[in-house]
1. Can you tell me, using C-alpha contacts under 8 Å and at least 6 residues apart, the relative contact order of segment 1-48 as a whole percent?
2. Please check which bits of segment 8-32 a label hung off residue 50 would reach, taking the label as a point 7 Å along Cα-to-C-beta and the cut-off as backbone N under 17 Å.
3. Please give the net charge around residue 33, taking every other residue with its beta carbon less than 13 angstrom from that of residue 33, where Lys and Arg add +1 and Asp and Glu add -1.
4. Which FRET efficiency, nearest 0.05, do residue 9 and residue 57 yield, Cβ-Cβ r, R0 25 Å?
Amino acid sequence: MQELLFSPKTLAAYLGLAQQTIYNRHSGGGDLPKAFKLGRQLRFRADDVKSWLNAKQQFDASAVLISNIAHPSSSNEAASHPRADEISPDS
């Protein structure tokens with residue numbers, strides 16, 4: 001069975017990044033899925049890309065949760081405004 005591989009160009013298109021960004025991140029040790037060389041060509045396994053994206057999504061979700069815990073002021077704003085069912089028709 002043949003394994004699906006991404007070139008830097010296809011990975012860039014898939015992630016919505018410039019192709020040069022892929023090369024820059026790879027050479028600078030930046031945030032990218034695990035890569036390997038196939039001859040002189042840089043390649044990324046589809047499974048590695050999927051795992052990397054899943055890890056990023058889990059991290060982003062954790063960051064939002066931590067942000068909400070650290071900055072509860074946004075929830076206080078909602079609590080200070082009455083709900084529609086709390087407003088009497090006379091007011």
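None of the figures in this text is laboratory data; all of them are computed from the coordinates on show. Just so you know, these numbers come straight off a predicted model, no measurement behind them. Every residue, glycine among them, receives a Cβ derived from its backbone with ideal geometry; neighbour counts consider all protein chains shown.
1. 44
2. Only 11, 14-15 fall inside the zone, counting backbone N under 17 Å.
3. Working: positive: 25, 34, 43, 45, 50, 56; negative: 31, 47, 48.
Residues close to residue 33 contribute a combined charge of +3.
4. Details: r = 24 Å, r/R0 = 0.94.
Computed FRET efficiency for residue 9 and residue 57 comes out at 0.60.
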